[in-house]
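The numbers here are math on the coordinates, done by the rules we state, and not lab data. From a predicted model like this one, the values you see are computed outputs, not experimental measurements. For neighbour counting, all protein chains shown are included, and Cβ atoms are generated from backbone atoms with ideal geometry for every residue, glycine included.
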Amino acid sequence: MSEPRVLVLDTDPSPRLDRLTGHARVVRADEKGLADRLPEADALLVWDFASDAVRHAWPGPGPRPVWVHTASAGVDRLLFPELLASPTVLTNARGVFDRPIAEYVAGLVLSMAKDFDGSRTLQSRRHWLHRETEKVYGSRAIVVGSGPIGRRIGGTLTALGVDVALVGRTAREGVRASEELPALLPGADWVVCAAPLTPATTGMFDTAAFALMKPSARFINVGRGGHVVEEDLAAALRSGRLAGAALDVFTTEPLPPESPLWDLPGLVVSPHMSGDTVGWRDDLAEQFCDNFDRWRAGEPLVNVVDKRLGYVPSEAP
C-alpha cells in the first residue's frame with residue numbers, strides 16, 4: 001500500500017499521531033472543511049466524536065474513506081443511512097473506557113449508599129448529625145449492556161459484594177435477555193445503563209420502567225442520553241418514585257443552564273466524564289495507531305462494528 005491519507009476530524013487538543021510519521025499523510029479538518037477533504041481520504045479518524053459533521057458531509061460527491069474509526073465507544077452518531085449502506089469498515093474505541101467507567105459507577109454507588117453528599121452538606125453547615133447508611137454488600141444491581149463496559153461494571157460491583165444481573169440483547173451464559181428486564185427491575189437496588197444506543201434501546205427508561213423499580217432504588221446512566229426519557233425520570237424523582245439517580249449523559253450536551261435537571265432532588269449531574277481519566281486521549285491515539293498498523297499490513301482490524309447491530313459483537317477481536 002502506498003502512503004495512505006488519514007483524515008482527522010479534529011478538536012482541541014489534537015491527537016498525538018507521531019507513530020504515523022513516514023507511514024501516512026495526516027490531514028486535519030474541522031467541521032466546516034470535512035466535506036471538501038473526504039474524497040481524498042483513505043481513512044477517517046473521528047477524533048471529535050461529539051460532532052455530527054460526518055453525518056452531514058458524507059452524502060456529498062466523490063469517493064469515501066474505506067475505513068472510519070471513531071474515538072468513542074458509542075457509534076450512534078455514525079449510523080446514518082449512507083454510511084450504513086456503504087462498504088466502509090467502521091471501528092470504535094472499545095476497550096479504552098471500560099475500567100474508568102466501572103470505577104466511576106462504583107464510586108457513585110458507594111457515594112449514594114454512604115450519603116457522602118449529605119456529609120459534605122452538613123460539614124459546610126458545621127452541623128454534627130449522626131446517621132445510619134446503607135450496605136452495599138448484599139444489594140442487587142441490574143447492568144443493562146453486556147459489552148465490555150457493562151461486563152466491567154458488573155465485575156467491579158461484584159467485587160463490592162453486589163449481586164449483579166447483566167442484561168443484553170440476547171440471552172447467553174451470564175447474560176439475561178432484554179425481554180427479561182421488566183421482571184428484573186422490581187428486585188434491583190441499583191439499575192445501571194451502559195448499553196449502546198440503538199432503535200431498540202432508545203427511550204427504554206421511561207415512566208413504565210421507573211414505575212417497576214422500588215422507591216429505594218437508584219438509577220445510573222453512563223450509556224447515552226437517548227436511553228432515558230428525561231421528563232419521566234424527573235417526574236419519578238420529584239414524586240419520590242425513585243430514591244435517586246445519576247446521569248453522566250444527556251439528550252442535549254452540554255446540558256443547558258436552564259434545564260430543570262440541574263435542580264432535581266436526588267440527581268447527580270456530571271458532564272459526560274465517566275470514562276475520561278488522565279491520559280485517556282493518549283490511550284485513544286495509541287489504539288488508533290495500533291489499528292492503523294494492522295490496516296496497512298493487510299491484517300484484520302480490531303473493534304469492527306456490526307453496522308446492522310450498532311455495536312461490536314462480543315465475539316469480535
Kirkwood Rh, Cα Rg: Rg to Rh for the chain? 1.01
Counting DSSP beta bridges with both ends in region 31-187, the antiparallel % (nearest 5): 5
Just going by the charge dipole of the chain, with Lys and Arg at +1 and Asp and Glu at -1 on Cβ, which of V269, A41, A113 is farthest out on the positive end? A113
Only helices counted: for the chain, with every DSSP H run of 4 or more residues adding -39500 (n - 2.57) and the sum spread over all residues, [θ] at 222 nm is -8000 deg cm²/dmol
Relative contact order %, the chain, counting alpha carbon pairs below 8 Å whose residues are six or more apart: 15
Rounded, prolate or oblate (a/c below 1.5 giving rounded, otherwise prolate when a/b exceeds b/c) for region 14-163 by Cα gyration tensor: prolate
Could you please rank L166, L45, placing first whichever residue has the fewest other Cβ atoms within 10 Å of its Cβ? L166, L45
Let's test the formula: R0 of 45 Å, r as the Cβ-Cβ distance of E103 and E3. What FRET efficiency results, to the nearest 0.05? 0.65
Any idea what log10 I(q)/I(0) is at q = 0.24 Å⁻¹ for region 172-218, Debye with uniform C-alpha scatterers and no solvent? -1.03
Overall Cα dimensions of region 51-91 - principal axes, largest extent first, Å: 28, 18, 15
Can you give the Rg to Rh ratio for region 98-269, taking only C-alpha atoms and Rh from Kirkwood? 0.96
Mind checking the dipole of region 98-269: about its Cα centre, +1 per Lys or Arg Cβ, -1 per Asp or Glu Cβ, Debye to the nearest 20? 480
For each of L34, L237, L301, L129, count neighbouring Cβ atoms within 10 Å of the residue's Cβ, then give the residues from fewest to most. L129, L301, L237, L34
Region 237-317: Rg/Rh from Cα coordinates, Kirkwood Rh? 1.16
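Could you check what % of the DSSP bridge pairs in the chain are antiparallel, to the nearest 5?
5
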For E40, E132, what ranking results if the residue with the fewest other Cβ atoms within 10 Å of its Cβ goes first? E132, E40
Ellipsoid equivalent to region 139-239 - semi-axes via the Cα gyration tensor, in Å: 20, 16, 12
Label point distance in nm, D276-T121, each placed 7 Å from Cα along Cα→Cβ: 2.7
Points 7 angstrom from Cα along the Cβ direction at S259 and R16: gap in nanometres? 3.2
Overall form of region 28-116 per C-alpha gyration tensor (a/c, 1.5; a/b vs b/c): prolate
